[in-house]
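In what follows, a structure is listed as structure tokens, so that the remarks can point back to it.
The values are calculated or read from the model by the stated rules, or taken from the named source; none is laboratory data. Nothing here was measured: the structure is a model prediction, and the numbers come from that model. FYI the Cβ positions are ideal-geometry reconstructions off the backbone, even for glycines, and counts take in every protein chain you see.
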Amino acid sequence: MTRKYFEETLYEGVQVSFRADNIIFEQKTEHQDMVLFDNPVFGRVLMLDGVTQVTTSDEFIYHEMMSHVPILAHGNAKHVAIVGGGDCGMAEEALKHKTIEKLTQIEIDQSVVDFSVEHFSAFNTGVVDDERFNLVITDGARYFKETKERFDVVMVDSTDPHGPGEVLFTEEFYRDVHATLKPGGVLVTQNGVPFLQRQELVDSISRFSRIYNDAYAYVAAIPTYFGGHMTLGWATDDETLRRVPLSTLEERFAQAGIETRYYTPEVHQAAFALPKFILDAVKDGKAAA
Ligand code: SAM
């Protein structure tokens, strides 16, 4: 029986392919090519425009690190926003914080949400029924240009800077987000694998640096984001947020009462201790600002 393989098309000259034992969906949506399939190692896999987005095997790492780090660093987040996040795993993780009163998710592609709610119940159950969850289907860049809403945390869980995701990596978008952040607010972004996408990190840091007081990054090890450390961009006007004492993080995490499989207060702190080659990319970004 010939098996079908789906290739990661993100990197020139490198081929990562996943065997698809059961193809659930393979079609162009209004905005992008969407493929959903089962793989014997990584479980259920979502690809958009040939790039791995989320898998049931390691989604917990990315969703825990992109949500709990800014929310626990902030310490009193009431209104948070997710840009993208169509698989709703980020929303599910953020909504575990009972102190959050409202979560606004701005997703461009309704199809991704519809299919994810149906096929990724392993990690997004309960999101759409949570009365705090508010889904807005539109382009994230347009939303932040027009919204009157104000946020404590904005998490950009976007695709890579190609196709519909490209606008979410621009200085204009980061400036528009900055205008919606309340005092002490923080922006975190999906910022690629710097071993293979170094310039993406340099560019984001240089754009952050022109707008926010503190432009930095933190890391997590996510197996399906091939190529080593995954960086998450960090931008805020409150420079203390990156240096919250461990004892405070431990207190807040205990109070939140959230079960995790990757995040711990120690891992939170250690995530900002960047390997030298990534720290150099951050420094290059600041220098280019
Ligand atoms: N965790 C994944 C990663 O790191 O690549 C991202 C997952 S999530 C599926 C990415 C989402 O971004 C998709 O649902 C896609 O439709 C959405 N998206 C892309 N461009 C967008 C835009 N301009 N505005 C809002 N959502 C967008």
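General remarks:
Yes/no matrix, rows are residues, columns are (1) touching a strand residue (DSSP E or B) at 6+ places or on another chain (Cβ under 6 Å); (2) hydroxyl-bearing (S, T, Y):
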| position | (1), (2) |
| --- | --- |
| S67 | no, yes |
| L103 | yes, no |
| I108 | no, no |
| G126 | no, no |
| D130 | no, no |
| F144 | no, no |
| K148 | no, no |
| T159 | yes, yes |
| E172 | no, no |
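- Checked against the criterion of being within 13 Å of the ligand (Cβ to nearest atom), more than 18 Å from the chain's Cα centre (by Cα) and more than 24 Å from T170 (Cβ to Cβ), the stretch 46-65 has no qualifying residue.
- Residues that are within 15 Å of the ligand (Cβ to nearest atom), assigned to a helix (DSSP H, G or I), at pLDDT 95 or above and assigned by TED's automatic domain parsing to the domain that holds F253 do not occur anywhere in the stretch 72-88.
- Enumeration of residues in the stretch 251-282 that are charged (D, E, K, R) and either surrounded by 13 or more Cβ atoms within 10 Å (Cβ to Cβ) or over 20 Å from I222 (Cβ atoms) (or both): E251, R252, K276, D280
- Residue in the stretch 197-209 that is crowded, with 24+ Cβ neighbours inside 10 Å and among the hydroxyl-bearing types (S, T, Y) present: yes
- Hits in the stretch 208-241 - residues which are away from the ligand (no atom under 16 Å from the Cβ), in contact with a helix residue (DSSP H, G or I) (Cβ under 7 Å, 6 or more places away or on another chain) and either in a strand (DSSP E or B) or of a type outside the set (A, V, I, L, M) (or both): F208, S209, R210, Y212, N213, D214, A215, Y216, A235
- Of the criteria (1) surrounded by 15 or more Cβ atoms within 10 Å (Cβ to Cβ); (2) touching a residue at least 24 places away in the same chain (Cβ under 8 Å), which one T248 fails: (1)
- Condition check for S206: more than 25 Å from H68 (Cβ to Cβ), among the polar types (S, T, N, Q) and assigned by TED's automatic domain parsing to the domain that holds H63: yes
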